[in-house]
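Here is the structure we will look at, set down as structure tokens.
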Amino acid sequence: MFIFLIIFISLGFFIFSFFFSLFQEFKKTHDHGPPSYPFIGCLISFYKNRYRLLDWYTDLLSVSPSQTIEVQRLGGRRTIVTANPANVEHMLKNNFSNFPKGKPFTEILGDLLGCGIFNVDGELWSTQRKLASHEFSTKSLREFVIKILQEEVENRLIPLMEDAADNDHVLDLQDVLRRFSLDIICRVSLGTELNCLDYSRPIPPLVKAFDTASEISAMRGAAPVYAVWKTKRMFNMGIEKKLKESVKIVHDSVLEIVKNKKAKVLENDQECDLLSRLLSAGHDDEIIRDMVISFIMAGRDTTSSAMTWLFWLLSENQNAEEMIVNEVETLLNDNGENKAIDFELLKEMNVLKASLCESMRLYPPVVWDSKHAAADDILPDGTFVRRGDRVTYFPYGMGRMEKLWGKDRFEFRPDRWFDELTGSGILKAVSPFKFPVFQAGPRVCLGKEMAFIQMKYVVATILRRFEIKPVSEDQPVFVPLLTAHMAGGLKVKVKRRNQN
């Protein structure tokens, strides 16, 4: 018994020493990341900071010499999070082929997005990219977008805001802009009118299902333990059951629209919407369905999020708002003419574009994006990447790095986007790898120009006619899902501009 006790104590001491040294080594290799432990990784820190993940990651990155940290989740592969532009350029451009989205990412969104362009790699992505790139680059599509904007703004958005101003109603501007953006993207991509801005009508089932599916899919990506949602999906229980039901409504609804549009295209090839163009190219209905769902996701909440935060920031920065209003008035009343807003006029609205960029720097619609290494690699800052590692670049944190934007990085300053040397009012070139809100490299957002057209048109029209005053003085809460939004919306009072 004595010998057995000695062996037992020695074995226990050996095991304790082994795991203690392993723990020390773990901590040493994660000096600039969250505290990590054997087996459970950073689960404790992740749980403690679950309500402030964005600021937690930003704080960790800001004290890292390379602006890169390592994160080890329970049951998950090693994750590298970076706010280093050189690393971002390496991932998105220089070694693009080694950093596909990867199965772990496509699995998260696969139920909703299927084989759409945002959720595939390789040949399938390349084929869809070439097709979509051709359609997005046509002058006729750009003219079609501006025509739809003119109709929707003048016939639906402005009357809604005039009614709120005349009757002293409180509007949830975020909800208004989301409904408006969905109406626009559905007309542009599907050639279908949902009339979401008509508050007297019930919200279409497609919209409710899309919101639910997007939210639950985002929760998958943020889960500290992936095995939990995978188990729920396997047994079709809890929110995974709800996701499955919502995805079916989305897929069936969009597929029905595709089939109805197909019949119209056969009768009339003059349709200008993206769906008609894709159908004319002869692609399979389900592939087109998945592409269209990706377009809706990209075009709906991203633009409305950027505009919502801009309106709030302008309410806190009256000088910037006055500069935008003066720019718009000057352009529209050049030489005494009362011009209509068109593409050429929108291109000249540099103060407005700078303000939008500054808003998205602080509150990017997509706060992070991940790739998965296909092979071992070394990032420019010296970080070793193993095959299968998840590598995440972090636009939210990048917009708050002193090394990138200076000591005034938390301030809303549209003038930082202008070339100070020339003083010509021309926007300076900023690396997309420093400001990757539209991605960069081969996967750069195809709808970037369309997004700026829509945002400029809407913001210019609203600010020219109305003053927007938030009801609450509290700092709004930034909520990151697949696309970020403002918690509780943006409740505002609307007043006709220059009204005594």
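The values are calculated or read from the model by the stated rules, or taken from the named source; none is laboratory data. None of the values given here were measured: they were computed from a predicted structure. Every residue, glycine as well, gets a Cβ built from its backbone with ideal geometry; the counts of neighbours run over all protein chains shown. Surface accessibility is based on the protein's heavy atoms, side chains included, excluding ligands, DNA and RNA. Shrake-Rupley method; radii C 1.70, N 1.55, O 1.52, S 1.80 Å.
List, in the order given, every pair from Lys232/Lys264; Lys248/Lys448; Lys103/Lys259; Lys93/Lys407 whose Cα-Cα distance in the structure shown is over 32 Å.
Lys232/Lys264, as the Cα separations exceed 32 Å there.
Output the relative contact order of region 376-500, whole-number percent, from Cα pairs under 8 angstrom with separation of 6+ residues.
Over region 376-500, the number comes to 13 percent.
Give me the Kirkwood hydrodynamic radius of region 158-255, using the inverse of the mean 1/r over all pairs of distinct Cα atoms, in Å to one decimal.
By the Kirkwood definition, the hydrodynamic radius is 15.7 Å.
Give, in nm to one decimal, the length gained when the segment between Lys339 and Arg78 is fully stretched (0.36 nm per residue of separation minus the Cα-Cα distance).
88.4 nm
Note the direction-averaged projected area, equal to a quarter of the hull surface, for the Cα convex hull of region 357-398, in nm².
3.4
Please compute the volume of the convex hull spanned by the alpha-carbon atoms of region 368-500 and report it per residue in Å³.
186
Of the heavy-atom accessible surface of region 260-417 (probe 1.4 angstrom), what whole percent is carbon and sulfur?
Ligands and nucleic acids excluded, carbon and sulfur reach 47 percent.
What distance in nm separates the two pseudo spin-label positions at Ser97 and Lys347, each 7 Å out from Cα along the beta-carbon direction?
For the pair Ser97/Lys347, the computed spacing is 3.6 nm.
Just how far, in whole angstrom, is region 202-235 from region 296-321 if you go by their alpha carbon centroids?
First find each Cα centre; the distance between them is then 26 Å.
Starting from the residue with the highest accessible area, list Arg465, Arg179, Arg142 in decreasing order, probe 1.4 Å.
Arg465, Arg142, Arg179
With every protein chain left in place, what is the accessible area per residue of the chain in square angstrom, probe 1.4 Å?
Value for the chain: 48 Å² per residue.
Hey, what angle do you get for helix 350-362 against the long axis of the chain, alpha-carbon based, 0 to 90 degrees rounded to 10?
30
Name the long-range amide H neighbours of Val437: under 5 Å, sequence gap of 5 or more, or other chain; modelled H, no Pro or chain starts.
Placed amide hydrogens put nothing under 5 Å from Val437.
How are the C-alpha pair distances of the chain spread across 20 Å bins, as whole percents from the shortest bin up?
Final binned percentages: 21, 53, 22, 4, 1, 0.
Using helices alone, I'd like the mean residue ellipticity at 222 nm for the chain: each DSSP H run of four-plus residues gives -39500 (n - 2.57), total over residue count, nearest 500.
Computed ellipticity for the chain at 222 nm equals -17500 deg cm²/dmol.
Can you tell me the length gained on complete extension of the stretch Glu286 to Asn498, counting 0.36 nm per residue apart and subtracting the Cα distance?
Using 0.36 nm per residue and subtracting the Cα-Cα distance, I get 71.2 nm.
For helix 53-62, what angle does its Cα long axis make with the longest principal axis of the chain, in degrees from 0 to 90 and rounded to 10?
70
How high is the relative contact order of the chain, given as a whole-number percent (alpha carbon pairs under 8 Å, six or more residues apart)?
Answer for the chain is 22 percent.
Do any of Lys456/Lys495; Lys347/Lys403; Lys428/Lys491; Lys208/Lys230; Lys101/Lys230 go past 28 Å between their Cα atoms, and which?
Checking Cα-Cα distances, Lys347/Lys403; Lys428/Lys491 exceed 28 Å.
What FRET efficiency comes out for the pair Lys403/Glu316, r = Cβ-Cβ distance, R0 = 35 Å, nearest 0.05?
E(calc), rounded to 0.05, equals 0.85.
Could you grab the relative contact order for region 348-417? Cα pairs under 8 Å, six or more apart, rounded to a whole percent.
It rounds to 37 percent for region 348-417.
Cα centroid distance between region 47-77 and region 375-395, in Å?
Comparing the Cα centres of region 47-77 and region 375-395, I get a distance of 15 Å.
Can you tell me the FRET efficiency between Leu427 and Phe235 if r is taken as the Cβ-Cβ distance and R0 is 56 Å, rounded to the nearest 0.05?
Calculated value: 0.60.
For helix 2-28, what angle does its Cα long axis make with the longest principal axis of the chain, in degrees from 0 to 90 and rounded to 10?
In the chain, helix 2-28 runs at an angle near 30 degrees to the longest axis.
Residue-wise, which Karplus ³J(HN,Hα) couplings in Hz belong to region 385-402, taking 6.51 cos²θ - 1.76 cosθ + 1.60, θ = phi - 60°, and x for glycine or proline?
So the J values, rounded to whole Hz, are 10, 8, 4, x, 5, 8, 10, 10, 9, 10, x, 4, x, 5, x, 10, 8, 4.
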